[in-house]
Structure formats: C-alpha cells, structure tokens
Amino acid sequence: MEPEASSFETSEMLARFLGSTPLLTESWKLCARSNVMASQGFLIDEVGGVTYVAFSGLQSVDGLGPFYGSLVPLSVNSGVFQVSGELGMFPAFQNQSDEDMVMVDAGLLNLFLTIYRTPVFQNQMFEIKKKQKPVVFTGHSIGGAIAALSTLWLLSYLQTISSNLSVICFTFGSPLIGNEHLSRAIHRQRWGGNFCNIVSKFDIVPRLLFAPLAPITTHLHTLLKSWHLTMNSPFFIRDLGTQLNEHEKSELFHFVCHYVEAAARSPSVATNSFVPFGNFMFCSSDGAVCIDDTTAIVKMLHLTFASGSPDSCIDDHLEYESYVEKISLQFLNRNGEELCESNTYEAGVTLASQSISATQEHTIRPVKECLSMARRIGRTPNLNSAGLAIGLSKIAPLRAQIEWYKASCDESDLQLGYYDSYKQRGASRRGFKVFMNRMKLGDFWNNVIEMIEKNQLPLDFHKRAKWVYASQSYKLLVEPLDIAEYYRSGEHRIKGHYLKHGRERRYSVFDKWWRERDIYGENDSNSNSRSKFASVTQDSCFWAKVEEARDWVENVRSESDPSRLVVLWSNIDKFEQYATSMVEKKEISVDVLAKNSSYMGLMEELRVLKLHLQHFSTQIPGVLDRKVVP
C-alpha cells in the first residue's frame with residue numbers, strides 16, 4: 001500500500017512557523033505583564049514590527065456574573081447589553097437566520113464591549129489600523145476570550161474595506177466563546193487559521209463551558225479569586241488566598257469531566273452548546289500536538305483532561321509559561337527527530353500521542369485513534385470537494401442539452417417560449433431527454449446539499465464562487481422546468497400552488513447561498529441598466545407567480561363577495577407591478593414575451609377583463625386604473 005503523507009502537515013507548518021518566530025514567546029510575555037499591570041484592561045507593545053495587544057486574564061475580578069455560560073446572538077440586540085447599534089461591527093455574522101444563529105457567551109461579550117467602548121481602546125485600534133503592521137491579539141484565561149472577540153471584530157472590519165492587514169490570535173487557557181454556528185461561520189470565512197488556542201492538557205478552563213455553571217458557581221468564585229491573586233503576582237507566587245479543599249476540587253473536576261465526556265460522545269451539537277474553533281495546540285511537559293478539526297478537538301479535550309486529577313486541572317491553568325518555552329522547531333518531540341523525518345502517517349500519530357500522553361500509557365491508544373480520526377476527517381472534505389468538481393464537469397453536457405432545448409423553443413415558429421413549450425410538450429424523444437436530464441441534475445445538487453449537511457465538505461464550500469455561481473445558474477435554467485412539470489401534472493390541484501407546496505428544498509438553499517455570497521469587490525448589478533433581455537429570467541420562480549396570477553384572474557370571474565374581490569384584485573395589482581418591473585429592467589428572458597406564452601396570454605386576459613369590468617370600477621376603486629403591461 002502506498003504510504004500516506006504526514007497526518008500533521010498543517011500542524012507541522014504551524015509549529016515550524018511558531019518555532020522560527022518570537023510570536024508565541026512575545027505573546028505570552030505580554031500576557032503575563034497584562035495580568036500584573038492591566039487588571040480589567042489590556043497592554044499594547046510593538047516588537048520587531050509586530051503590534052501585540054494582550055488582554056488581562058483578570059477581567060472578572062469579582063467572580064462570575066449571572067450572564068456567564070449563557071449564549072446570546074451576536075447579530076441582533078440580545079436584550080441584555082443594549083448592543084444593537086454596535087453589533088454592526090461584526091458584519092460577517094449579520095443577517096443570520098434563526099437556524100444558523102451565531103451566538104457567543106453573554107458574559108464574555110459584555111467584557112469585550114466594555115473594553116471596546118473605552119476611548120483608550122478606540123484610539124489604540126485607530127492607530128493600529130493606520131500603521132498597517134501585523135497585529136497579534138492575545139490573552140491568558142478570560143483575557144484569551146476577549147482577544148478572540150477582538151480578532152473577530154477586526155477581521156470583520158478589514159473585510160469590509162478589503163484590507164490585507166495580517167491579524168492572528170493566540171490564546172492561553174481560554175474558555176470557549178460561542179456555539180457551533182460561530183465555529184462554522186469562522187471556517188466559512190476562512191479565518192480558522194487566524195486562531196491558535198494553546199491548551200494545557202489538564203487545564204479546566206478550556207473545558208469549563210461544556211458544563212452548566214450554576215451548580216458549581218461557588219467553587220468557581222473561590223477558584224477565580226485564588227487564580228487572580230496568583231496571576232497578579234509578578235512571580236506567580238502560589239497558594240494565595242482562600243483555596244478549595246480536596247473534596248471541592250474533586251467535585252469540580254468530576255462534574256466538568258462528565259460534561260466534557262458527554263460532548264465528546266455526542267454525534268450532534270445543540271444550538272445552545274459551546275463549540276471550539278480554529279487551531280488547538282495541546283501542550284504537556286513532553287511536547288505538543290496541533291489539531292484543527294472540531295470533532296477531534298472535543299475528543300482530545302476529553303481524553304487529555306480525563307487523564308488528569310483534581311489538583312492538576314487547577315494547577316495547569318498557571319503553567320503556560322513553562323509550556324511555551326518547550327514549543328520549538330522539534331514540534332512533536334524534542335527527541336523524535338529521526339522519527340519525524342520518516343514523515344509517515346503511523347510515525348506521526350505515534351509520536352504525537354506519546355508527546356501528549358507520555359506518562360499515561362493507557363491513554364496512548366485512544367489519543368492515537370483520535371489523531372487518526374482527525375486526519376481522516378481533515379482530508380475527507382477536500383477530497384469530496386475535488387470529487388464533486390469532477391462530477392460537476394461530467395454533468396455539464398446535461399445542462400448544455402437543456403440550454404440547447406431552450407434556444408430551440410425560443411426560436412420556434414409556435415412562439416410558445418421555453419416554459420410553455422415544456423409544459424405543453426407531447427410524447428417526444430427530445431422532451432423525454434430534457435425530463436431525464438432535469439432529474440439527473442436535481443439528484444446531483446441534492447447530493448451536494450446532503451454532503452454539506454453531513455459535514456462531508458469544507459465548511460466554506462457554499463462560499464466558494466465556483467459553487468455559488470454554478471448553483472445559481474442551474475436554478476435559473478432548470479427551476480422553470482420544475483414549475484412547468486408541477487402544473488402540467490396537476491399537482492397544484494392536490495397540494496396547492498408551487499411556491500408554498502411544491503418547491504424543492506434545494507432551491508431555497510441556493511437562494512440562501514446567493515444572498516450570503518461574498519459581494520465585496522463586486523459591481524452592483526443594479527447600477528448598470530441592461531441593454532438587452534437576460535438569457536434566463538433572473539427570478540427562477542417567475543412562472544410560478546404567473547400561474548398564481550392566472551388563478552386569481554380566474555377567481556375574479558366567479559367571485560361575488562366584495563371583500564374577497566378586493567383581496568384578489570390587490571394580489572393581481574401587486575403581480576402587475578412586479579412583472580412590469582422585471583420587464584422594464586430586462587431581467588426576463590425573451591421566452592416570457594413570446595407571442596403565445598402564458599404570460600402574454602395572462603396579460604391579454606387581464607386587459608379584456610378590465611375593459612369588461614370598467615362599469616364596476618366604483619365598487620373596486622383604484623385597482624382597475626393602472627396601466628396594463630403590454
């Protein structure tokens with residue numbers, strides 16, 4: 001069997017980068033200084049042309065407030081902090097639907113906003129943006145969470161101005177900050193590589209928010225006060241202040257461990273659950289390993305934490321200085337140079353698992369399995385994406401045949417146009433071929449959506465221009481045929497009209513992709529008027545709206561209830577305005593204006609009906625005097 005490439009290509013690249021630069025070391029130095037000198041604030045320093053912004057880990061000096069551990073939407077007013085006017089600073093996460101709502105911890109968001117609103121922070125950020133030098137946001141403990149939110153804010157801002165300013169975030173023992181939709185949104189924006197979370201293998205803080213905080217609030221208050229006294233000491237003097245007793249430590253450890261284990265075992269994630277994002281570098285006294293797959297990160301958070309003890313889960317939160325010193329060019333193990341050079345998958349997994357589990361032999365096997373899984377999961381989405389790209393090229397002839405069919409319909413002497421020619425088709429080989437091609441294309445795109453929902457494709461897949469425009473092009477070309485088939489077969493009489501009862505879910509998904517596409521740098525399509533009609537009608541549901549309007553016109557003929565007539569004429573009036581706008585903007589295909597098309601027939605019907613009903617205009621004021629679309 002052909003040997004596979006190293007499973008830790010991304011991790012090794014990150015490790016070499018960190019080992020060959022002072023970024024990690026300088027980040028920790030400023031974090032330690034901020035803990036001593038900038039309680040509830042931040043420090044800024046410039047080293048080697050890089051600006052470092054370190055947030056103190058002593059942000060919440062009075063313990064945990066009532067909002068910690070609860071998630072609030074990032075894109076709307078949470079009703080707690082009155083931030084609706086400010087959350088425009090996160091444009092990358094705006095306009096999310098309820099099912100995709102990006103949420104963050106309420107307490108951590110409040111801390112960030114408290115700092116963000118200060119004139120000092122605003123002035124410093126203005127200078128940073130003006131200098132255009134690389135920026136590193138960093139922080140220890142809760143300060144790391146503030147650093148992550150600050151990074152998201154700056155990345156969002158830079159996206160709106162198309163800036164190339166380099167931004168990276170290093171956190172040390174930071175709690176998680178948001179839900180799965182935040183994690184997905186960050187990866188869709190391709191910002192995962194901007195975050196590196198340094199996590200000690202026993203530290204309780206990065207695992208804390210997997211558990212509900214209410215039952216352990218008293219323990220956490222005592223623990224935070226003890227940590228704060230130690231972190232605020234320039235020499236990290238231990239055993240200051242009130243300490244948890246052994247029984248309380250054991251309760252805290254096992255309580256959190258239970259919920260971390262549940263998260264690691266759960267195949268699905270609830271909307272109100274915390275989820276990691278970015279790169280996680282798990283550190284021990286023997287080495288470190290870096291993972292960027294969310295599922296594998298959660299499993300590693302459990303495996304490493306469960307191998308610890310009540311004492312180590314607390315003490316390890318203050319050991320990051322020693323761990324940072326040991327992260328070097330020999331990333332996985334200082335003594336494993338020969339093994340690293342073998343560059344094989346099995347060697348990489350073995351070395352990584354030994355470096356993170358050196359003193360716990362019984363944990364090496366599950367850690368190896370977790371790292372193996374991380375590699376499989378990490379590679380599979382990209383391989384699947386490449387496979388779909390090949391599949392897309394294979395179905396191109398099917399689409400080309402439908403385009404040829406449309407052109408022949410538009411040029412036909414029957415002057416029915418694309419939609420009506422397909423709807424009224426007889427038994428013909430050409431019509432059957434188009435029918436089969438339509439079904440095959442639908443199956444392909446349904447499979448794409450299914451793979452996305454099963455996490456089998458990259459998280460930013462639907463943001464990639466190739467797939468956004470391919471899906472939009474498919475929708476505009478083929479959905480009119482689906483509508484024609486729906487009304488041809490009479491399904492509307494059984495289920496109801498197409499828009500509410502017959503539209504395939506894939507088209508709604510593609511609408512969402514199109515709305516959320518990256519529009520930065522694109523020209524506004526509305527700024528330049530069209531000089532000719534579009535090749536395909538720009539609203540793929542145009543014909544479904546025509547069919548509903550035909551139904552309204554038919555009902556007007558038989559309706560005697562004045563109140564219902566007002567509603568029907570109001571609907572017809574709105575359709576006329578919509579259709580007129582589409583024609584005037586030339587956002588329709590020529591088949592819409594074909595002499596014998598359903599649309600032109602409807603407009604003629606409506607014109608005659610209005611003339612016939614002119615003498616009733618006093619009963620229906622204002623709805624018959626609008627200009628009829630020619």
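Remarks
- Electrostatic tally near residue 34: other residues with Cβ closer than 14 Å to its Cβ, Lys and Arg +1, Asp and Glu -1, net -1.
- Restriction of the GluC sites (Glu not before Pro) in segment 383-463 to DSSP coil positions whose beta-carbon has at most 15 other beta-carbons within 10 angstrom yields 411.
- Taking one quarter of the surface of the convex hull spanned by the alpha-carbon atoms of segment 175-231 gives a direction-averaged projected area of 5.2 nm².
- The residues packed around residue 556, meaning those with a beta-carbon under 12 Å from its beta-carbon, carry a net charge of -2 if Lys and Arg are +1 and Asp and Glu are -1.
- Pairwise centroid distance, computed over Cα atoms, of segment 18-53 with segment 181-225, Å: 21
- Phi angles of segment 221-230 translate, via the Karplus equation with coefficients 6.51, -1.76, 1.60 and θ = phi - 60°, into HN-Hα couplings of 4, 4, 5, 5, 4, 5, 4, 4, 4, 6 Hz per residue; Gly and Pro are given as x.
- Carbon/sulfur fraction of accessible area - segment 111-248, other protein chains in place, 1.4 Å, %: 56
- Solvent exposure of segment 133-235 as accessible area per residue, Å², 1.4 Å probe: 27
- Straight-line reach from residue 249: taking Cα to Cα under 22 Å and skipping same-chain neighbours fewer than 8 places apart, the lysines in range are 201, 225.
- Here the 3J(HN,Hα) profile of segment 309-322, calculated from phi with Karplus coefficients 6.51, -1.76 and 1.60 at θ = phi - 60°, is 9, x, 6, 5, 5, 8, 5, 5, 5, 10, 9, 5, 4, 5 Hz, Gly and Pro shown as x.
- For the cross-link pairs 512/574; 433/574; 500/586, the ones whose C-alpha atoms lie over 31 Å apart are 433/574.
- The modelled label-to-label distance between residue 120 and residue 89, using points 7 Å beyond Cα along the C-beta direction, is 1.6 nm.
- Coil-residue trypsin sites (Lys or Arg not before Pro) of segment 126-210, DSSP, other Cβ within 10 Å capped at 13: 190
- Low-density loop positions, chymotrypsin sites (Phe, Trp or Tyr not before Pro), segment 427-517 - DSSP coil, at most 13 other Cβ in 10 Å: none
- Computed from phi, the 3J(HN,Hα) profile of segment 572-577 under the Karplus parametrisation 6.51, -1.76, 1.60 (θ = phi - 60°) reads 5, 4, 5, 5, 4, 4 Hz, with x in place of Gly and Pro.
The values are calculated or read from the model by the stated rules, or taken from the named source; none is laboratory data. What you are looking at is a predicted structure, and each value in this text was computed from that prediction instead of being measured. Note that each Cβ is placed from the backbone with ideal geometry, even for glycine, and that neighbours are counted across all protein chains shown. Calculation scope for accessible area: heavy atoms of the full protein, side chains included, ligands and nucleic acids excluded. Shrake-Rupley method; radii C 1.70, N 1.55, O 1.52, S 1.80 Å.
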